[in-house]
Amino acid sequence: MYHYSALVTCLAIAFYFFTSVRVAKAHVIFGVKLPAMTGHPDFERVYRVQMNTLEWMPIFLPSLWLFAIYVSDLIAAAVGMVWIAGRILYLIGYSTAVEKRSPGFAVQAIAVIILWAGALGMIVWRLVHA
């Protein structure tokens, strides 16, 4: 069983849900009437955090699970928590100013690269040594 990666998956989904709620609130706070998704720059930054998180989820989740299956559930979960921390840092930075989003982006990107490369490396290793 992959309990640790399952827990990290639930936390990642909860974080994404949190970003979605922030967008709904930002619509009201910044007066951006539905269905519009542009208008106030502060709204657009909140929206971009949510959309960028959505864009990374299909890269993160398969990489997390493949790493958990082929390498280690515990290590996958630890790196997955780093990814979530990077997304939180990205949210805080981007909510403040566009220029402050890069550190969080880098943290989460490095975490995904570790998961993806580790999974790919172990898959290839097992194919070669099967």
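The values are calculated or read from the model by the stated rules, or taken from the named source; none is laboratory data. Small disclaimer: the values here were computed from a predicted structure and weren't measured. Glycine gets a Cβ as well: all are built from the backbone with ideal geometry, and neighbour counts include every protein chain shown. Protein only, heavy atoms only, side chains kept; ligands, DNA and RNA dropped before computing areas. Shrake-Rupley method; radii C 1.70, N 1.55, O 1.52, S 1.80 Å.
Brief remarks on what is shown
- Debye intensity ratio in log₁₀ form over the Cα atoms of the chain, taken at each q of 0.13, 0.18 Å⁻¹: -0.57, -0.90
- Within the listed set LYS100, LYS33, LYS25, the residue fluctuating most in the Gaussian network model of the chain (springs between alpha-carbon atoms under 10 angstrom) is LYS33.
- Against the criterion of solvent-accessible heavy-atom surface with a 1.4 angstrom probe, PHE18, PHE30, PHE43 sort, most first, into PHE18, PHE30, PHE43.
- Think of the chain as having a plus end and a minus end, set by charges on the Cβ of Lys, Arg, Asp and Glu; of ILE88, LEU127, LEU115, ILE88 sits farthest toward the positive end of this dipole.
- Using the rule -39500 (n - 2.57) for each DSSP H run of four or more residues, divided by the residues of the chain, the 222 nm mean residue ellipticity is -29500 deg cm²/dmol.
- Both the radius of gyration and Dmax for the stretch 73-125 are 13.0, 44 Å, in that order, over alpha-carbon atoms.
- Taking all protein chains together, TRP65, TRP56, TRP116 sort by accessible area into TRP116, TRP65, TRP56, largest first [probe 1.4 Å].
- Cα principal axis extents for the stretch 1-65, largest first, Å: 47, 17, 17
- Solvent-accessible surface (1.4 angstrom probe) belonging to THR38, in square angstrom, nearest 10: 100 Å²
- Helices of the chain meeting both criteria, an alpha-carbon length of 15 angstrom or more along the long axis and an average Kyte-Doolittle score not below 1.6, with helices taken as full DSSP H segments, are 102-128.
- Placing unit charges on the Cβ atoms of the charged side chains and taking the dipole of the chain about its Cα centre, the candidate lying farthest along the positive direction among ALA14, ALA77, ALA97 is ALA97.
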